[in-house]
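Here the structure comes first, spelled out in structure tokens, and everything after it is commentary.
The values are calculated or read from the model by the stated rules, or taken from the named source; none is laboratory data. Since we're looking at a predicted model, the values are computed, not measured. Using ideal geometry, Cβ is built from the backbone for each residue, glycine included, and neighbour counts are taken over all protein chains shown. Please note that ligands, DNA and RNA were not included when accessible areas were found on the heavy atoms of the full protein model with its side chains. Shrake-Rupley method; radii C 1.70, N 1.55, O 1.52, S 1.80 Å.
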Number of protein chains: 6
Amino acid sequence: MLSRALRIRPMTQPTTQRFPVPAIADLPDDIRTRLLAVQEKSGFVPNVFLTLARRPDEFRAFFAYHDALMDKESALSKAEREMIVVATSSANQCQYCVIAHGAILRIRAKNPLIADQIAVNYRKADITPRQRAMLDFAMKVCTEAHRVSETDFSALAEHGFSDDDIWDIAAIAAFFALSNRLANFTGMRPNDEFYLMGRLPKQ
Amino acid sequence: MLSRALRIRPMTQPTTQRFPVPAIADLPDDIRTRLLAVQEKSGFVPNVFLTLARRPDEFRAFFAYHDALMDKESALSKAEREMIVVATSSANQCQYCVIAHGAILRIRAKNPLIADQIAVNYRKADITPRQRAMLDFAMKVCTEAHRVSETDFSALAEHGFSDDDIWDIAAIAAFFALSNRLANFTGMRPNDEFYLMGRLPKQ
Amino acid sequence: MLSRALRIRPMTQPTTQRFPVPAIADLPDDIRTRLLAVQEKSGFVPNVFLTLARRPDEFRAFFAYHDALMDKESALSKAEREMIVVATSSANQCQYCVIAHGAILRIRAKNPLIADQIAVNYRKADITPRQRAMLDFAMKVCTEAHRVSETDFSALAEHGFSDDDIWDIAAIAAFFALSNRLANFTGMRPNDEFYLMGRLPKQ
Amino acid sequence: MLSRALRIRPMTQPTTQRFPVPAIADLPDDIRTRLLAVQEKSGFVPNVFLTLARRPDEFRAFFAYHDALMDKESALSKAEREMIVVATSSANQCQYCVIAHGAILRIRAKNPLIADQIAVNYRKADITPRQRAMLDFAMKVCTEAHRVSETDFSALAEHGFSDDDIWDIAAIAAFFALSNRLANFTGMRPNDEFYLMGRLPKQ
Amino acid sequence: MLSRALRIRPMTQPTTQRFPVPAIADLPDDIRTRLLAVQEKSGFVPNVFLTLARRPDEFRAFFAYHDALMDKESALSKAEREMIVVATSSANQCQYCVIAHGAILRIRAKNPLIADQIAVNYRKADITPRQRAMLDFAMKVCTEAHRVSETDFSALAEHGFSDDDIWDIAAIAAFFALSNRLANFTGMRPNDEFYLMGRLPKQ
Amino acid sequence: MLSRALRIRPMTQPTTQRFPVPAIADLPDDIRTRLLAVQEKSGFVPNVFLTLARRPDEFRAFFAYHDALMDKESALSKAEREMIVVATSSANQCQYCVIAHGAILRIRAKNPLIADQIAVNYRKADITPRQRAMLDFAMKVCTEAHRVSETDFSALAEHGFSDDDIWDIAAIAAFFALSNRLANFTGMRPNDEFYLMGRLPKQ
């Protein structure tokens, strides 16, 4: 597997990328393997993998956490989890996460419009009342978690969310509170590929 | 000209559109003519024209104001003027304006990435220092115009903006302060056509 | 009519007026005519007319919009419309609009106290519960229009406001979002005459 | 002195006054004496005296504090001290203090326009650069005193303010942080007399 | 009494104390007497007494006000009054008041944990629902007194608070709005003794 | 090692703990081992370990991330890293993190006062200018990471911080943005042991 090459596209306007991408040759094997795997799957290496590779231990913990929340079985669909990412990342003005996860949301939801709607104002998006309640809570965790109270749990329970579902919603909002800050201080640049993904009918 | 038909596409999910579109047959001639003209040019009738048609006098004043700022000769390019619209409309969480003017910005700038970058965080967008200064000032007019002072005029002058250019920047930000609020209280829905416009190479 | 002279009082302390008043002789006829008409009616030319005259097309659109909202027949009395202007302009810290429209509100309401009460804290002003609901909604459009929802429409309907009345409230708040920003970036100075208007018994 | 009568004008619209004015007959002698003295001087009893009379000990401490700051010798003129009151009370949306102290400011400054200008936006008022620096600091104490630093002291020293002058500015802003909150929770109503005071030429 | 000496401990790191403590010899007799009395009672002289001694009249009014609220009979226990001080002083980021009154709260409540809990987030502290309602209202007076309305009075009445109890809550919050600002602009330093007071079992 | 027992102290007032601690017997071996190790070292099991044990994968990723930032070699001392935790957790009103990490900070810094000072207002704490710059940046990442710019990097470089030191500061602030939100939505309760740790001379 390691014989395959990583095809890292040079960033044409890397002005915002504050921390340079490390030399691929210097990466630990497990990290290079993960980069190859994601390249295999997506056709390119998302910059979050390249930027965090500067710090192997943080890289491993970050993606372990990410996968524990985003890839596991859950009463929340994968599209719904991406809705949480897009809504809260927009509140945090995180360019990388809104654009990259906006792409994933379009694909997961098979809906070319939903990501832009949620990014600008999730209150006006084409979502169900249950999804609206989910996003209201995620935004509360994002912006004023210190005010979360039993009232919030009751409101979610009325929409059928269990305590574990509520943990999932809150934990995703909390994880991207971390992720958004990483992307913002490193000036992480969304790959050009993300902008168009999931927007065309037959993609 | 009036013999031509308006091809108004029914909104498939009009849940957010709080004020219904008036019957086309009831519109004054000058307004129907304008709708036809824009349909001719764009291939569809943007919903802002349909929503405001409920109030003919306000419709006429709104578009007269819009055209006076956005269509005239100016030291600001048309793409730069759309940058102001997208950045300030995003601060106001106006779904219609970010999505519709994001499309126009992509076309005017011949850049498929710029609108999303500016919508999420204009401070990280691929723009020139002069454009950055322009947007910093536009955002100040958008969010705290009562603090505008001579210091702001000096900072802009250093980038070569004349007093009339500064008026243009501020007036566009001010006009969309109006426009964003109209779109938000009417639940104005961006037409589906806008989302993909200007994203493909040969468009 | 054009033979009559405009009696423009020089501003004694024009330090805050950032954009100078254009030479009257250079104004287009229709604008000079409007200045004369307002001078005839009010005894002086409010500075908003002089400041905006620098931009004839914007002047025309601005006053067309203003008149469409403020002069038309409406279920909102003229005093109530001025209440909206004063409350929202105070939130935007717009010196011109609070002082000039405060004067108009005193006159329209035949109440020398109401404008100052609303400017400082409309929640403590001598207004009816219906007017309080109107101002609560106007302030929401002013400060967080992206959160306007069906709940707001229902609350207003309980006070007897129709959908068209709600449009009137919101559109006035939206128009002065524009107007306040224009006044603030141009450093528009309220004419000295406004401060005392409507404060004396027999005025 | 006690034989003279207090001429308390009944409040015609006391809806906002949450705590009723106590019966004059029940007041301690020293408080009644103070009420008579202020009535003598002003022609009426400002409501702050009547509202606080409910609590004699707090009344005495409040006015002792007030007088220690507002009546003493200081490098700040009495008009300048009232400017601080009006600017910070407006930030706190305190109807009583803005309207009552606005009247006092007009009289002290012999300027019928200054109070309204400062109440709406002190940054655009006809004041000197030294007064602007004074109000900038007062507003910082009013809204974010936890950020006051040596930089603020240096900026004020450049305008000739001594450490004791700075204490005066800050202490007035701090005292009215108390006063504004008292007025707001008690629903303290400004007497009708204040609105017109100091507005007419020969007053 | 005056023959006894004041044992003022020199501040070891007085970098934050912006206004120096006046020479004890220069203080008026009544103020020196008060300092001795508090030293007798507490074992040291809290810095608020030393800092305010620079201004004898303000010193007298400040402590008269303080005592009128904090030492009198009230339906609020002394511990509850200190809860209000700690919660609102934390919102104002006042180091002196949170640390000094945190100590007093621990002692009054005979609870070594409560002060830190309330300082960080009173919504998660081990308090009764009645105390929670008390603190919610105190925080509203602290941060947005202009929005206090009849609804707040009703909510408190449901917990058995009379109008005079409500005055007590609000007046304490208002008084510490003053006190916090004094401490912040003077850089008032909490005495080292406060940090440990009330934390040990047998204290 | 597994034969040793976990001595979990029942929470006496677990009202704020929203998610119950899982049965110890049900925990995976590696997690139980970690609990035993921390009990060995600290004398008790901090509640963050018990609360997160409900989710083994998230537990593992969380502590891997924590250790990668807080235990590694760095130009930031361990006390300085805890300063970042306390300052940002206080901004997020996270009771668990301020109280637990306040204890660790006191121990690491061998300073019984520093944690309370930083928790209330780090701008007034007894820290060096270099530490002040470090905390200013950490707070910016905490509250407005979208505004981080090259200016911030330059300001830190002037205090001798390398790009990797800056990553450390920002990453700690970002990780506790996650941690604070977890603690707040789960109602995580600080163990009673933390309050007194590091406050006594010989500890």
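Overview of values
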item: Residue among C:Ala170, C:Ala91, C:Ala25 with the largest mean-square fluctuation in a Gaussian network model of chain C, springs linking Cα atoms under 10 Å; result: C:Ala25
item: Stokes-Einstein translational diffusion, chain B - Kirkwood Rh over all Cα pairs, 0.890 mPa s, 25 °C, in µm²/s; result: 138
item: Cysteines without a disulfide-compatible neighbour (Cβ-Cβ under 4.7 Å), chain F; result: F:Cys142
item: Nearest residue to the symmetry axis between E and C, taken on chain E by its Cβ, in whole Å; result: E:Glu144, 9
item: Rough spin-label spacing in nm, given labels placed 7 Å along Cα→Cβ, for E:Ser162 and C:Asp163; result: 5.4
item: Hydrodynamic radius by Kirkwood, which averages 1/r over all alpha carbon pairs of segment C:24-93, in angstrom; result: 13.6
item: In Hz, Karplus ³J(HN,Hα) per residue of segment A:158-165 (6.51, -1.76, 1.60; θ = phi - 60°; x = Gly, Pro); result: 4, 8, x, 7, 7, 4, 6, 5
item: Cα lying deepest toward the dipole's positive end in chain A, options A:Ile84, A:Thr143, A:Thr186, charges on Cβ; result: A:Thr186
item: Heavy-atom accessible area order for A:Asp192, A:Asp168, largest first, 1.4 Å probe; result: A:Asp192, A:Asp168
item: Largest-first ellipsoid semi-axes for segment F:161-203, taking √(5λ) over the Cα gyration tensor eigenvalues, angstrom; result: 27, 21, 4
item: Over the protein assembly as shown: helical MRE at 222 nm, DSSP H runs n ≥ 4 each giving -39500 (n - 2.57), nearest 500; result: -19000 deg cm²/dmol
item: Relative contact order [Cα under 8 Å, 6+ residues apart], segment F:1-151, whole percent; result: 15
item: Rounded to the nearest 20 debye, dipole of segment A:55-203 from Cβ charges on Lys, Arg, Asp, Glu; result: 620
item: Between helix B:129-144 and chain B: long-axis angle, C-alpha atoms, 0 to 90°, nearest 10; result: 70
item: Calculated log₁₀ intensity ratio I(q)/I(0) where the Debye formula runs over C-alpha points of segment F:55-142, q = 0.12, 0.19, 0.23, 0.25 Å⁻¹; result: -0.35, -0.85, -1.19, -1.35
item: Per-residue HN-Hα couplings for segment B:58-67 [Karplus 6.51, -1.76, 1.60; θ = phi - 60°; Hz; x = Gly/Pro]; result: 5, 4, 5, 5, 4, 6, 4, 5, 3, 5
item: Accessible area per residue in Å² at 1.4 Å probe, computed on segment E:1-140; result: 40
item: Rg and Dmax [Cα atoms of the protein assembly as shown; Å; Rg one decimal, Dmax integer]; result: 31.7, 106
item: Protein accessible surface hidden between F and A, which excludes ligands and nucleic acids, total in Å², probe 1.4 Å; result: 3800
item: Share of Cα-Cα pairs in segment B:86-203 lying beyond 23 Å, as whole percent; result: 32
item: Cα pair distances exceeding 14 angstrom across segment B:102-147, given as percent; result: 54
item: Segment E:77-118: C-alpha pair distances exceeding 12 Å, %; result: 47
item: Size of segment A:125-179 as Cα extents on the principal axes (Å, biggest first); result: 28, 27, 18
item: Shielding score for B:122-130, defined as the mean number of other chain Cβ atoms within 10 Å; result: 4
item: Karplus-derived 3J(HN,Hα), 6.51/-1.76/1.60, for each residue of segment C:23-38, Hz, glycine and proline x; result: 5, 4, 4, 8, 6, x, 4, 5, 6, 4, 4, 5, 4, 5, 5, 6
item: At least 50 Å² accessible surface lost relative to isolated chain, residues of segment A:139-153 (1.4 Å probe); result: A:His146, A:Phe153
item: Most mobile listed residue (E:Met70, E:Met83, E:Met139) in chain E, GNM with C-alpha springs under 10 Å; result: E:Met70
item: Percent accessible area from carbon and sulfur atoms, segment F:30-92, protein chains only, probe 1.4 Å; result: 50
item: Assigned charges on the beta-carbon of Lys, Arg, Asp, Glu; the protein assembly as shown dipole about Cα centre (debye); result: 0
item: Segment F:137-188 and segment C:44-60: distance between their alpha carbon centers, rounded to Å; result: 49
item: Cβ neighbours within 10 Å from other chains - mean over F:37-43; result: 0
item: Neighbouring partner chain Cβ atoms per residue of D:189-196, average, 10 Å criterion; result: 3
item: Under 22 Å from the Cα of E:Lys41 - lysines, other chains or at least 8 residues apart; result: E:Lys72, E:Lys78, E:Lys110, E:Lys202
